[in-house]
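Encoded as C-alpha cells, the structure appears first; notes follow it.
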Amino acid sequence: MWGGVGRWQRVSSVLVLAVLLGCASGPDRRPETPVSSLLQTPVGSEPWTPLAWPGKKNVAFEPVEHLGRSALRVRADRSMSILRQRLVDQPVTPDQIEFSWAVNGVFKRADIGVSGRDDAPVRVVLAFDGDRSKLSSRARMQSELSRAVLGEDMPYATLTYVWCNARPAGTVLVSPRTDRVRKIVVESGAAHVGQWLEYRRDIRADFRLAFGEDPGPLIGVALMTDADNTGERVTAWYGRLRLTAQQP
C-alpha cells in the first residue's frame with residue numbers, strides 16, 4: 001500500500017521524530033527519584049512513556065545517579081530509545097526549556113545532516129501544532145502515513161535540540177527526510193564528553209530561527225538517543241528538564 005519495504009525504510013525515521021513527538025565516572029546508583037520529579041512540565045500533562053518503534057532495537061531509560069545527580073540513563077547499542085510526553089489534550093503556549101545531559105562518547109560516523117547517518121547520542125524533541133493548510137503535499141502524505149501506521153497525525157512542526165559530532169554549535173538544519181523537522185545543534189564535538197552540560201533555551205525564538213514563523217501550541221516533548229543507523233554505542237544521561245509555558 002505504501003510502496004513496499006524500501007519506501008518504508010526511507011520514511012520510518014521521519015515518523016519516529018514526527019510522533020513526538022568515553023569518560024564515565026564509575027557505576028551509577030539507582031535513586032528513588034520519579035520521572036515526574038526529574039522531568040518537570042506543565043500540570044495536567046500525560047505521563048512520560050517509552051515509545052518503541054517496530055523493527056528497531058529498544059533500550060530502556062533507567063533512573064540512576066550520575067556524577068552526584070539524579071538522571072535517566074540509556075545505553076545505546078545499535079538501538080533507538082525514545083521517552084515522550086504527549087500534550088495533545090492540553091497543549092501549551094511554549095516559553096522556555098531548561099535541560100541537561102551527559103554522554104561518555106560521541107558517534108564517529110554520524111552526521112545529523114545526512115540521511116542514513118543521522119544518529120545522535122542525545123536529543124530533546126519538541127512537537128508543535130499549527131495551520132495544516134500550509135503543509136506541502138509531501139508533508140500531508142507523510143502525515144497520512146503516520147496516521148495509518150501509528151494512529152497519530154504527524155505534528156505540524158518538530159524542533160530538535162541535538163549534540164552533533166560533525167556540525168558546529170548554532171547550526172540549524174532541515175531534516176533530509178522532511179522539512180517539518182528542524183534541528184538546532186547546541187553541542188558539538190567531543191570536548192565536553194564526560195561532563196554534565198546545562199542549557200536554557202527560548203523556545204519561541206528558536207522556533208522562529210528554525211522555521212521563520214511563530215510557533216503554534218506545543219503538543220509534545222521527548223528525549224531521544226538513537227544509534228540505529230550507524231550501529232555505534234554510547235551511554236547517555238538525561239538530567240533535570242523544566243518546561244515552562246507563557247502566562248495568558
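Label 7 Å along Cα→Cβ of residue 65; segment 211-248 residues with amide nitrogen under 19 Å? What the label zone holds, given the 19 Å backbone N cut-off, is 237-241.
Couplings 3J(HN,Hα) for segment 172-189, derived from phi with the Karplus relation 6.51 cos²θ - 1.76 cosθ + 1.60 (θ = phi - 60°), are 10, 10, 8, 4, x, 9, 7, 7, 8, 10, 10, 10, 10, 7, 9, 8, 9, x Hz, where x marks Gly and Pro. Phi angles of segment 78-91 translate, via the Karplus equation with coefficients 6.51, -1.76, 1.60 and θ = phi - 60°, into HN-Hα couplings of 6, 10, 9, 10, 9, 10, 9, 10, 8, 10, 4, 7, 8, x Hz per residue; Gly and Pro are given as x. Rounded to 0.05, the FRET efficiency of the residue 57 and residue 108 pair, given R0 = 22 Å and the Cβ-Cβ distance, is 0.65. For residue 57, the lysines whose Cα falls under 30 Å of its own Cα, not counting residues fewer than eight places away in the same chain, are 108, 183.
Find out how many positive minus negative residues lie around residue 172, taking Lys and Arg as positive, Asp and Glu as negative, among other residues whose Cβ is under 10 Å from that of residue 172. Around residue 172, the charge tally is +2.
Bear in mind these aren't lab numbers, they're just calculated from the coordinates by the rules spelled out. All values derive from a computational prediction rather than experimental measurement. For neighbour counting, all protein chains shown are included, and Cβ atoms are generated from backbone atoms with ideal geometry for every residue, glycine included.
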